[in-house]
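In what follows, a single structure is set out as structure tokens and then discussed.
The values are calculated or read from the model by the stated rules, or taken from the named source; none is laboratory data. As the structure is a computational prediction, the values presented were derived from the model and not from experiment. Cβ placement follows ideal geometry from the backbone for every residue including glycine, while neighbour counts extend to all protein chains displayed. In case anyone asks, the SASA skips ligands and DNA or RNA and just uses the protein heavy atoms, side chains included. Shrake-Rupley method; radii C 1.70, N 1.55, O 1.52, S 1.80 Å.
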Amino acid sequence: MLRTKPEIAVMGLAGIHNYGDNFILDCVAYLIDRGGRYRAEAIDLEAPLKGGRAFLYAGILVLTKFLPKKRLRAELEYLAVRIRCGEYYRKALENKAALIFGSGSFKYGTQKLWAYYSLAVETAQRLRIPVMFNGMNIQKSDLGDWKCRFLADHANFPCVRMITSRDGESGERRLREEYGIRREICCKGVGDAAFWIPECYRMKRSAGNKKVGINLIYGNIFRRYGNSLTEEELLTAYCGLLGKLDEDKVDWELFTNGLPADYRFGKKVLKRYGNVQREIRVPKSAEELLRIIGSYETILGARLHACICAYSLDIPFVGFLWDEKLRFFAGMAGLKENFIEERELSADCLYRKLRLAGSGMLPADKEKREKWKLLSVRMLEAFQDCIYDENKETL
């Protein structure tokens with residue numbers, strides 16, 4: 001009789017229709033399965049909302065908008081997440097050998113990730129399951145923010161064994177110096193798990209396509225992340241770029257990573273440009289997004305994982321810098337020239353950079369990419385060694 005492999009729960013964002021997040025989750029699960037000792041089970045961080053629980057969850061979140069004190073708002077937000085996910089996490093983690101977070105960002109500012117992580121870590125601690133945060137962008141800490149302190153406290157729970165960062169050495173330092181991660185927890189810089197896209201999905205870029213892919217992102221993304229560029233300025237840059245591509249008779253196509261807000265901004269772009277009948281490609285799965293990106297000769301990447309997908313497939317690309325996670329990726333991959341600073345963002349700059357990329361003047365450092373990929377594997381293997389050794393000790 002064949003012995004069933006023990007399972008590792010890999011938790012990530014699988015249901016928000018930003019299929020770049022699915023790249024991370026799928027690639028972490030692939031690397032676990034590839035190792036052969038454990039079987040990965042991919043689990044959405046966000047539990048499905050049904051019935052009275054959905055009503056209660058939504059009601060609490062609405063209530064938080066009317067409360068003046070930040071801490072009280074945060075505590076109620078955590079209560080809402082506990083109502084939504086408490087039982088779901090317990091069932092998902094029962095009988096698992098370990099929990100790995102494959103969601104890409106260690107943060108407290110948006111998406112309630114601080115609350116999901118903290119609740120899952122509490123659950124893992126009760127079930128005596130070791131925990132790893134894998135390949136995380138580490139948000140700059142603000143210990144005056146209760147959510148930040150709460151996340152830092154939970155990241156130091158005894159069950160947490162390892163935190164790896166896709167920010168390289170900067171991420172390691174931030175974890176130790178700003179979040180006070182204890183010495184017993186291994187912290188190490190690694191590559192983004194999505195660098196393994198070609199192997200995970202068994203796909204390569206299509207040959208012979210001369211089309212330029214223009215990745216969309218919603219208009220106030222720069223403002224939301226503390227920058228000054230307005231939606232009107234971003235709209236003007238997109239429309240100006242399309243005009244220059246048409247003047248040069250370059251075939252182009254708009255596409256999203258799947259988010260409805262990005263699609264709506266794309267419709268604004270086409271309306272302003274006077275071409276409302278033009279199609280915007282919207283993927284319905286991570287595999288479809290990969291096929292879309294793989295069909296282009298060159299990419300303008302607005303979202304991080306449009307850039308990383310292009311990078312992993314050796315498709316020339318340029319990208320925006322609207323958050324430090326893109327800046328860290330540019331630095332650790334040696335791709336700073338591929339990215340456009342907010343102050344430089346204009347149709348002329350976008351067009352010039354795309355031409356440079358398309359002519360092979362902004363090549364990826366493949367040796368550096370392989371180094372980061374191997375580091376990701378080694379750290380996942382080290383975590384699995386830790387699990388195995390702990391299990392032997394309990395026999």
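A cut-off of 5 Å between modelled amide H atoms, ignoring neighbours fewer than 5 places along the same chain, links Phe101 with Met11, Met132, Phe133, Asn134.
Helix 347-358 axis versus longest C-alpha principal axis of the chain: approximately 80°, rounded to the nearest ten. The C-alpha radius of gyration of region 1-71, expressed as a fraction of 2.2 N^0.38 Å, stands at 1.61.
Amide H contacts for Leu254 (H built 1.01 Å from N in the peptide plane; partners 5 or more residues away or on another chain; cut-off under 5 Å): Ile214, Arg281. Once the gyration tensor of the Cα atoms in region 75-166 is diagonalised, the equivalent ellipsoid follows with semi-axes of 20, 16, 11 Å, ordered largest first. Rolling a 1.4 Å probe over the protein heavy atoms gives the chain an accessible area of 46 Å² per residue.
Cα-based radius of gyration for region 151-298, normalised by 2.2 N^0.38 Å, reads 1.38.
By the Kirkwood approach, averaging reciprocal distances over each pair of separate Cα atoms, region 213-267 gets a hydrodynamic radius of 11.9 Å.
Computed from the C-beta positions of Asn209 and Tyr388 and an R0 of 30 Å, the FRET efficiency is 0.10 to the nearest 0.05.
Here Lys204 is the anchor, and the lysines within straight C-alpha reach of less than 16 Å, apart from those fewer than 8 places off in the same chain, are Lys366. Cα centroid separation, region 15-73 to region 249-280: 28 Å. At q = 0.08, 0.09, 0.12, 0.20 Å⁻¹ the log10 of I(q)/I(0) for region 1-157 amounts to -0.24, -0.30, -0.53, -1.37, computed by Debye summation with a single uniform scatterer per C-alpha, solvent ignored. Inter-part distance, region 308-332 to region 180-203, computed on C-alpha centroids, equals 16 Å. Distance between the modelled labels on Tyr225 and Arg272, one decimal in nanometres: 1.9 nm (7 Å Cα→Cβ projection).
For region 111-228, the ratio of Cα radius of gyration to the globular rule of thumb 2.2 N^0.38 Å stands at 1.33. In terms of its Cα atoms, region 121-169 spans 30, 26, 12 Å along the principal axes, sorted from long to short.
Rounded to the nearest whole angstrom, the semi-axes of the ellipsoid equivalent to region 252-373, taken from the Cα gyration tensor as √(5λ), stand at 24, 17, 13, largest first.
Which lysines have a Cα lying under 18 Å from the Cα of Lys5, excluding residues fewer than 8 positions away in the same chain? Within the straight-line cut-off, Lys5 pairs with Lys96, Lys392. Per-residue extension of 0.36 nm, minus the Cα-Cα distance of Asp246 and Phe157, leaves a gain of 26.5 nm for this segment. Taken over the Cα atoms of region 150-211, the convex hull encloses 142 Å³ per residue.
Label reach from Arg37 (point 7 Å along Cα→C-beta): in region 357-385, amide nitrogens under 13 Å belong to 378-385. Placing a pseudo-label 7 Å from each Cα along the Cα-to-Cβ vector at Arg176 and Lys366 gives an inter-label distance of 3.5 nm.
Among the chymotrypsin sites (Phe, Trp or Tyr not before Pro) within region 35-105, those in coil by DSSP and having at most 13 neighbouring Cβ atoms inside 10 Å are Phe66. Rounded to the nearest 0.05, what FRET efficiency do Leu63 and Glu87 have when you use their Cβ-Cβ distance and R0 = 30 Å? Rounded to the nearest 0.05, the efficiency is 0.85. When the alpha carbon coordinates of region 95-140 are projected onto the principal axes, the ranges are 32, 18, 14 Å, largest first.
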